[in-house]
Amino acid sequence: MLKDNIKTIRKAKGLSQEELAIKLNVVRQTISKWEQGLSVPDSELLVSLSEVLGTSVSTLLGETIKEKKEDSLNEISEKLEIINLQMARQKETKRKIWQSLFICICVLIIIIFIGLIILGNEYMKWDYSDPELAVLGVGVHSFVWLFVRVAPIVFICSLIGIYVTRKK
């Protein structure tokens, strides 16, 4: 019974002898001997085996395990339909996330441009004799210079992204 139960449960879990052996830190031949009834695991390995296979020791030792029947065509098609629905939901969620990201980028660029227009070139009127203020002024000027050149490209790419990720 033990040999049949080990083999049946291992196959039901989709494990090869090699995979089970790796999980138990034994060689594949040990699993093969157990399944052929040539040897039996000691008590420690029996407990480890039950944990790896997700079953009780009493099930391994005494109860007969019935092999899983082949799924009918209807059951398989129902499972595939559920999987397809889950994948469609994931795809829709990713589409919404990307579209929201593109919209946020566009809004952020617009807000920064409005802020820069309102601020104007006030940083140019600062007293640059103070070293800390000079560094800050150069940093602001560098940001404005880079932003004015890069933001339109990012904005256009984001608009294209919004268009591509729209719901069809």
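The values are calculated or read from the model by the stated rules, or taken from the named source; none is laboratory data. Being a predicted model, the structure only gives us computed values, none of them experimental. Methodologically, a virtual Cβ is constructed for each residue, glycine included, from the backbone with ideal geometry; neighbour enumeration extends over all protein chains shown.
Here are a few things to note about the model shown:
- Count of the stretch 94-142 residues, restricted to those that are more than 30 Å from THR165 (Cα to Cα) and not β-branched (Val, Ile, Thr), is 21.
- Filter result for the condition that a residue is among the acidic types (Asp, Glu), assigned to a helix (DSSP H, G or I) and over 30 Å from LYS168 (Cβ atoms), over GLU78, GLU44: GLU44
- Residue satisfying all of: in the stretch 121-168; in a loop (DSSP other than H, G, I, E, B) and under 30 Å from SER100 (Cα atoms); modelled with the lowest pLDDT among these: LYS168
- VAL26 vs. criteria without any contact (Cβ under 8 Å) to a residue 40 or more places away in the chain and either in a helix (DSSP H, G or I) or closer than 13 Å to LEU60 by Cβ (or both): no
- Selection within the stretch 1-21: residues that are farther than 18 Å from THR59 by Cα and among the polar types (S, T, N, Q). The member of this set that is surrounded by the most Cβ atoms within 10 Å (Cβ to Cβ) is GLN17.
- The set of residues in the stretch 41-85 that are closer than 25 Å to GLU18 by Cα, at pLDDT 85 or above and of a type in the set (Val, Ile, Thr) comprises VAL47, VAL52, THR55.
- Pair list, Cβ < 8 Å and 6+ apart or interchain, from the stretch 91-114 residues that are outside the structural domain of ARG149 (by TED's automatic domain parsing) and at positive phi to residues that are assigned to a helix (DSSP H, G or I) and surrounded by 15 or more Cβ atoms within 10 Å (Cβ to Cβ): none
- Lone unmet requirement of (1) within 30 Å of ALA88 (Cβ to Cβ); (2) out of contact with any helix residue (DSSP H, G or I) (no Cβ under 9 Å at 6 or more places or on another chain) for LYS167: (2)
- Failed item, numbered, when LYS167 is tested on (1) surrounded by 14 or more Cβ atoms within 10 Å (Cβ to Cβ); (2) in contact (Cβ under 8 Å) with a residue 12 or more places away in the chain; (3) not polar (S, T, N, Q): (1)
- Taken as a whole, the condition of being among the polar types (S, T, N, Q), farther than 11 Å from ASN5 by Cα and surrounded by fewer than 17 Cβ atoms within 10 Å (Cβ to Cβ) applies to SER32.
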